[in-house]
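The values are calculated or read from the model by the stated rules, or taken from the named source; none is laboratory data. Computed from a prediction, not measured in an experiment: that's the story for all the values here. Quick reminder, even Gly has a Cβ in these numbers, built from the backbone with ideal geometry, and neighbours come from all protein chains shown. The accessibility values were calculated without ligands, DNA or RNA, using every heavy atom of the protein model including side chains. Shrake-Rupley method; radii C 1.70, N 1.55, O 1.52, S 1.80 Å.
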Amino acid sequence: MRVKRGVTARKRHSKILKLAKGMQAARRRSFRLAKQGVIRALQYAYRDRRNKKRDLRGVWITRINAAARQNDTTYAKLIAGLKKNNISLDRKILAELAATQPHAFTAVVEVAKK
């Protein structure tokens, strides 16, 4: 007996075309081009979920360094002082303190300077 695949193929195509909704030109309408675009987009999404963590760490370090320099020290000296005094604040928390609570950050810097 012969198998007719129209319903299955239509479902598969519409699933891919739905994922390609925001793309431009033929990538939005043509299944073949939409599939290529969706595969590439999913690869970028997977990669960039990991790169995002890397990028954010750099942003945090920049913010900490800027705030540390306002308190007459540098990022390197601040981190070294925190390690020497066994203060375990990660860079995310330090950057948050520097941005939202400058007085608390200044207190942390004073402890690190000792």
Pairing a residue in the stretch 33-46 that is more than 10 Å from Leu19 (Cβ to Cβ) with any residue that is open to solvent by 50 Å² or more (accessible area, probe 1.4 Å) and part of a helix (DSSP H, G or I), where Cβ atoms lie under 8 Å and the two sit 6 or more apart in sequence or on different chains, gives Leu33/Arg27; Gln36/Arg27
Considering the stretch 1-53, residues that are charged (D, E, K, R) and under 30 Å from Lys92 (Cα atoms), and then whichever is farthest from the chain's Cα centre (by Cα), we arrive at Arg47
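For (1) of a type in the set (A, V, I, L, M, F, W, C); (2) at negative phi, each residue gets a yes or a no:
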site	(1), (2)
Ala25	yes, no
Ser30	no, yes
Leu33	yes, yes
Ala41	yes, yes
Asp48	no, yes
Lys52	no, yes
Gly58	no, yes
Ser88	no, yes
Arg91	no, yes
Cβ pairs under 7 Å, 6+ apart or interchain, first in the stretch 78-89 and closer than 18 Å to Asn65 by Cβ and free of Cβ contacts under 8 Å to residues at least 40 places away in the same chain, second outside any loop (DSSP other than H, G, I, E, B) and not aliphatic (A, V, I, L, M), ordered by first then second residue, are Gly81/Lys113
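Would you kindly identify the helices (runs of 4 or more DSSP H) lying entirely within the stretch 3-114 that contain at least 1 residues that are open to solvent by less than 100 Å² (accessible area, probe 1.4 Å), at pLDDT 95 or above and among the acidic types (Asp, Glu)? Can you show your working first?
Numbers: elements: 6-19, 26-29, 31-70, 75-84, 91-100, 102-113.
Of the helices (runs of 4 or more DSSP H) lying wholly inside the stretch 3-114, those with at least 1 residues that are open to solvent by less than 100 Å² (accessible area, probe 1.4 Å), at pLDDT 95 or above and among the acidic types (Asp, Glu) span 31-70.
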